[in-house]
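Following: one structure in C-alpha cells, then a few remarks.
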C-alpha cells in the first residue's frame, strides 16, 4: 500500500490538483507533529492546502462521474485522516458532536456516497490496488457470523447487557446491528483473551476498524447524538478497537478524548457499563 500512495495517488493528482493539495496538507500535518519548533508554520500550510482542495472538491460533488470519482474518493479518504491528524476538538466525538454533524462523519459519509454512486469506476480504475487488499479484509470481516457462536467473551457480555437493558426499546435492532459489526471487528483483531490474535500491519487494522465506521447506521449515530446510554456503551467498546491504531501519529489524543466524552455523558447508574473499556484502555476519570 505504500507504493500505492507513493506512486498511484500522486499520478492521479497530476490530472486532479485537489488530490495533490490534500496530500500536501496531510504531509504538512505530519511535519507539524514531529517538528514542534515549526509547528505553527506547518499547521498553517496544511490548512491552506486542505482548504484549496476542499473548495475544488465541493464544486465537483454535484457532478460526480467516472472520470473524477477516483480522485474525489482519494480526497475524501485522505481528508478523513487529515481530520484525525488535526486532533480532537472539544465536544466533538468523531461521529457525534454538540455542534451539529461531526466533521469526520461528514467526510465518511462523502466516501460512502461516492462509492454508492460510482462503484465500478472506483473499484476497477486507478484505485484497483487499493481495493484488492480491501476486498480481502472485508471478506474476513463478514466471515465471522455473530449468531453462530464463538463470539469474543466481552462482546458477548455487551450483547447480553444491551438485550437486557433495551429488550422493549424500538432501537434494539439498531443496537444489535452495531454490536454485530463490533463483534466482527473483534474477531478479526483480538483473541478471546482480548489480546491481538496475530501480528498485523497498521493498514490492515485500520481497514478493519474503519469498516465499522463506514457501515454504522444513521439511526445509531442519531442515538449517539441524543446521548442514549446504550448507544454510548456500544461506542465505548468500539473505542477499544480504535485504540489498536493509537500508535499512529494521526490518532494522538483521540482515545482518551472519546472515552472521556462517553463517560461524561453517562449518569452514575450507567457508567459501570463501560468498566471493561476503561480498564482495557487504562483510563481513569479526572474526578
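The values are calculated or read from the model by the stated rules, or taken from the named source; none is laboratory data. Here the structure is a predicted model, which means the values were calculated and not measured. FYI the Cβ positions are ideal-geometry reconstructions off the backbone, even for glycines, and counts take in every protein chain you see.
Summary of computed values
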quantity	calculated
Residue 91 vs. criteria closer than 24 Å to residue 210 by Cβ and touching a strand residue (DSSP E or B) at 6+ places or on another chain (Cβ under 7 Å)	yes
Helices (runs of 4 or more DSSP H) fully within the stretch 2-118 counting 1 or more residues that are at pLDDT 95 or above and within 30 Å of residue 218 (Cβ to Cβ)	17-34, 39-60, 69-85
Hey, residue 164 modelled with pLDDT under 80 and more than 28 Å from residue 250 (Cβ to Cβ) or not	no
Residue in the stretch 269-286 that is under 26 Å from residue 30 (Cβ atoms), surrounded by 15 or more Cβ atoms within 10 Å (Cβ to Cβ) and without any contact (Cβ under 8 Å) to a residue 40 or more places away in the chain present	no
Residue count, the stretch 222-249 (criterion: farther than 25 Å from residue 26 by Cα, in contact with a helix residue (DSSP H, G or I) (Cβ under 9 Å, 6 or more places away or on another chain) and outside any helix (DSSP H, G or I))	2
